[in-house]
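Everything on this sheet refers to the single structure shown next.
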Amino acid sequence: MKSGLRNIYIYTFFFSFLLLNPIWVLYLLDLGYSIFLVTVLDVVFYLAIVLSSIPMGRITDSIGRRNALFISSILTGTGIIFFGLFQTFIGIAISYAVWGIGVAINNSALESVSYEYSTSHNLKYLKIIGTVNFLSALSVAIASLLGGFIGEFIGLKIVILLTAILVLFSSVYTLKLRERKRDKTHGIHVPKLGSYVRDRRIMSIILLRVALLLNFNMMLIFKQPYYKEMGIGTGMIGVIFFVDVLLRGLGSFNTQRFAFIARNRFFAMLLFTSLTFFTIYIPGLVENYFSLVFLILNSVIFGFYSNILSEEVNILVPSEIRATVLSVIFLVSALFTALAEPFLGYSASVIGLEKTLLIFSIVFMLISTLAIFIHIMGKENSNFRLIMDKG
């Protein structure tokens with residue numbers, strides 16, 4: 001394995017070693033926050049992503065992926081330290097803001113550097129991003145298993161501070177990355193951001209990824225209290241998260257092998273959005289161990305299909321604006337999450353998690369249906385198509 005690819009993989013593993021994954025909501029509940037207040041605090045996190053995504057995407061395109069990943073590790077680790085030290089609403093909100101900016105940088109930079117490495121070394125992107133996401137999931141899975149038991153037997157705050165140390169350590173491997181010089185476009189005018197996002201192919205992909213990311217974000221919030229309501233202990237929740245995340249990683253790792261399933265874009269849209277809908281809807285109908293299967297399947301679908309959509313959007317945009325376009329996806333998904341979380345958090349507090357999952361399944365289906373409608377009825381931007389043809 002070449003050193004550049006190895007460093008991307010090692011960086012991903014340490015950055016993703018989130019020991020706090022199965023306990024951070026439980027930590028806030030233990031401090032006396034309700035599920036509604038947890039979601040309100042989360043709004044700060046996602047608003048930080050919303051406000052910083054496009055500026056950070058443009059900065060990433062300017063300063064390079066390696067420097068951006070280094071800054072991401074420092075900000076993310078610092079935000080997690082603040083999260084473990086502060087207990088007031090304002091203090092946690094500040095920690096979330098710093099943490100959110102770090103995540104916003106990482107979101108576009110890691111995907112960009114993976115795509116550009118694969119194209120510059122004649123490697124298959126789906127294999128590279130599948131491995132990156134598999135290692136990320138494997139890291140989170142192992143960390144979840146350890147974090148659940150450390151939290152139960154030693155303390156929840158210790159879990160958070162250990163997480164911060166490991167995320168900060170990941171910055172060492174960003175310094176070892178060697179980023180290739182990006183080719184500048186000669187004689188061809190690269191259109192502005194709006195020219196890309198207005199193209200129906202990119203717009204439909206953006207909305208589908210927004211729906212999937214919104215689903216991922218909301219499941220991250222609701223799974224912990226959902227399992228707690230079922231009477232499952234903190235340590236066992238860590239085990240469930242281990243299985244959940246590991247299977248998501250395997251789904252991501254095997255994207256290249258099973259990519260033929262998504263060869264027909266319209267069929268793939270219908271199949272994976274429908275399956276995702278049922279993995280949210282059925283746990284909303286019944287709260288028992290049978291519903292665990294659907295919640296885990298929800299993660300597997302995300303691990304596989306999000307890679308397919310990632311490749312499609314990366315192919316459609318050039319390096320000079322790639323991180324910025326990717327930042328739009330995370331901006332919109334963060335905005336939707338920020339809008340949806342307080343409503344759904346209040347709903348969970350008043351009418352319960354099961355009915356809230358039913359409501360969210362409808363929200364997911366509405367966004368997905370809009371994306372499919374744009375794919376069918378939308379038009380390609382003529383200027384964008386001309387430029388792509390010239391390229």
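One table, with the values for the structure above:
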read-out: Förster radius 35 Å - calculated FRET efficiency between residue 121 and residue 230, Cβ distance, rounded to 0.05; value: 0.15
read-out: At least 27 Å along the helix axis (C-alpha) and Kyte average at least 0.0, DSSP helices within the chain; value: 35-63, 65-85, 89-120, 125-153, 200-229, 234-253, 265-285, 289-316, 319-351, 353-377
read-out: Relative packing of peptides 96-103, 353-360 - highest average C-beta neighbours within 10 Å first; value: 96-103, 353-360
read-out: Relative contact order of the chain, defined on C-alpha pairs under 8 angstrom at six or more residues apart (%); value: 30 percent
read-out: Residue 31 long-range amide H proximity, modeled H, under 5 Å; value: none
read-out: Only Lys, Arg (+1) and Asp, Glu (-1) charged, at Cβ; the chain dipole about Cα centre in debye; value: 1400 debye
read-out: Separation of alpha-carbon centers, region 42-99 and region 108-137, rounded to whole Å; value: 23 Å
read-out: Stretch gain in nm, segment residue 264-residue 239, where the contour uses 0.36 nm per residue and the Cα spacing is subtracted; value: 5.4 nm
read-out: Contour minus Cα-Cα distance for residue 288 and residue 154 (0.36 nm per residue); value: 45.3 nm
read-out: Spin-label model distance (nm) - residue 63 vs residue 316, 7 Å beyond Cα toward Cβ; value: 2.9 nm
read-out: Out-of-range pairs (alpha-carbon distance over 27 Å; input 228/355; 127/228; 176/223); value: 127/228; 176/223
read-out: Contour minus Cα-Cα distance for residue 355 and residue 87 (0.36 nm per residue); value: 93.4 nm
read-out: 16 Å tail of the calculated P(r), region 278-332, as % of Cα pairs; value: 57 percent
read-out: Matching label, percent of Cα pairs over 30 Å apart computed from the structure shown, candidates (i) 53; (ii) 36; (iii) 41; value: (ii)
read-out: Label-to-label distance, nm, for residues given as residue 6 and residue 34 (7 Å Cα→Cβ offset); value: 5.4 nm
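Bear in mind these aren't lab numbers, they're just calculated from the coordinates by the rules spelled out. Every value quoted in this text rests on a predicted model; they were computed, and no experiment measured them. Counting neighbours? That spans all protein chains shown, and the Cβs are built from the backbone with ideal geometry, glycine included.
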